[in-house]
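The values are calculated or read from the model by the stated rules, or taken from the named source; none is laboratory data. All figures in this text were calculated on a predicted structure; none of them were measured in a lab. Positions of Cβ are backbone-derived with ideal geometry, glycine not excepted, and every protein chain shown enters the neighbour counts.
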Amino acid sequence: MPNRLTDRSRILCVLPAYNEAGKIGRVVTKIIDVGLVDKIIVADDCSTDKTNQEAVEAGAEVIRHETNLGVGAGIRSGIYYALENSYDIVVIMSGDDQHEPKELPVVLAPLLEKKADFVQGSRRMKGGRTVNGPLFREVTTRLFSLVFTLLTTKRITDGTNGFRAFYLSILKDKYINLNQSWLNTYELEPYLLYKAVVSRDIKVVEVPITVYYHGEVIEYSKMKPFRDWWRLVRPMLFLRFGIRS
């Protein structure tokens with residue numbers, strides 16, 4: 001368990017959300033109950049339901065986009081809030097209750113113990129697991145991680161996992177530029193992971209976590225096959241072959 005009595009790092013939790021009423025309040029409440037983060041920001045990407053209201057009532061602060069920009073833009077808004085308000089660490093989790101807040105100590109421990117700069121959650125490591133995972137997602141997430149490992153030559157077991165945390169100081173790296181419009185949707189997360197993994201100055205570790213898939217197949221994810229998987233894949237291809245920076 002990370003010792004917040006000895007570590008004074010300020011921690012912000014960012015929850016990107018789009019039409020997550022019925023889930024976002026539960027997520028916020030569970031994170032607050034764990035007690036490790038100093039504040040929760042819900043990045044509401046122009047939801048048309050009661051996501052905003054539910055998040056505020058549960059105890060989060062909401063940053064709202066007036067137009068739907070994408071999950072990457074939401075995460076970037078949360079990160080910029082953290083930078084502007086002098087936080088030290090950002091932890092990113094899913095707003096749709098796929099991640100388990102009780103595992104926050106596992107994710108944050110390597111940072112608070114100064115053993116890592118960037119922590120990536122993994123359902124594939126010993127101790128990690130997937131609950132109710134659809135076959136298509138099981139195959140594609142494993143394939144993504146294999147390709148990611150081959151292109152970076154660094155072993156990553158679960159590159160698409162959205163549960164991660166890092167010191168904001170890594171953004172001082174001149175090769176990391178989140179302020180690019182092509183990162184607005186699903187590209188930002190693999191972009192940031194790729195940049196962290198290949199950097200000589202950023203220590204990346206993976207820790208075991210749980211991923212839950214809730215409800216019917218249509219509720220598993222808002223991702224659209226092929227189009228959105230291309231958005232996940234293209235950052236590592238663009239970066240590996242120098243098409244983007």
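Details
- Residue satisfying all of: in the range 9-19; out of contact with any strand residue (DSSP E or B) (no Cβ under 6 Å at 6 or more places or on another chain) and within 15 Å of Gly70 (Cβ to Cβ); surrounded by the most Cβ atoms within 10 Å (Cβ to Cβ) among these: Tyr18
- Some residue of the range 155-167 being of a type outside the set (A, V, I, L, M, F, W, C), in a helix (DSSP H, G or I) and in contact (Cβ under 8 Å) with a residue 40 or more places away in the chain: no
- Taking the criterion of being closer than 16 Å to Val42 by Cβ and either outside any strand (DSSP E or B) or in contact with a Leu (Cβ under 7 Å, 6 or more places away or on another chain) (or both), the residues of the range 81-95 that qualify are Tyr81, Ala82, Asn85, Tyr87, Val90, Val91, Met93, Ser94, Gly95.
- Qualifying residue in the range 3-24 (condition: part of a strand (DSSP E or B), touching a Phe, Trp or Tyr at 6+ places or on another chain (Cβ under 7 Å) and closer than 19 Å to Thr185 by Cα): no
- Count of the range 76-111 residues, restricted to those that are surrounded by fewer than 21 Cβ atoms within 10 Å (Cβ to Cβ) and among the hydrophobic types (A, V, I, L, M, F, W, C), is 3.
- Among residues of the range 130-140 being in contact with a strand residue (DSSP E or B) (Cβ under 9 Å, 6 or more places away or on another chain) and surrounded by 15 or more Cβ atoms within 10 Å (Cβ to Cβ), the one that is modelled with the highest pLDDT is Thr130.
- Candidate set: the range 161-197, residues that are under 14 Å from Phe118 (Cα atoms) and among the polar types (S, T, N, Q); chosen: the one surrounded by the most Cβ atoms within 10 Å (Cβ to Cβ): Asn161
- Residue count for the range 125-142 satisfying the condition of being farther than 16 Å from Ile156 by Cα and in contact (Cβ under 8 Å) with a residue 24 or more places away in the chain: 7.
- Members of the range 110-124 found to be in a loop (DSSP other than H, G, I, E, B) and touching a residue at least 24 places away in the same chain (Cβ under 8 Å), listed by number: Glu113, Lys115, Ala116, Asp117, Arg123, Arg124
- Count - residues of the range 43-75 that are buried (at least 21 other Cβ atoms within 10 Å of the Cβ) and in a strand (DSSP E or B): 2
- A single entry from Ile31, Ile40 fulfils the requirement of being of a type outside the set (Asp, Glu), touching a Cys at 6+ places or on another chain (Cβ under 8 Å) and assigned to a strand (DSSP E or B): Ile40.
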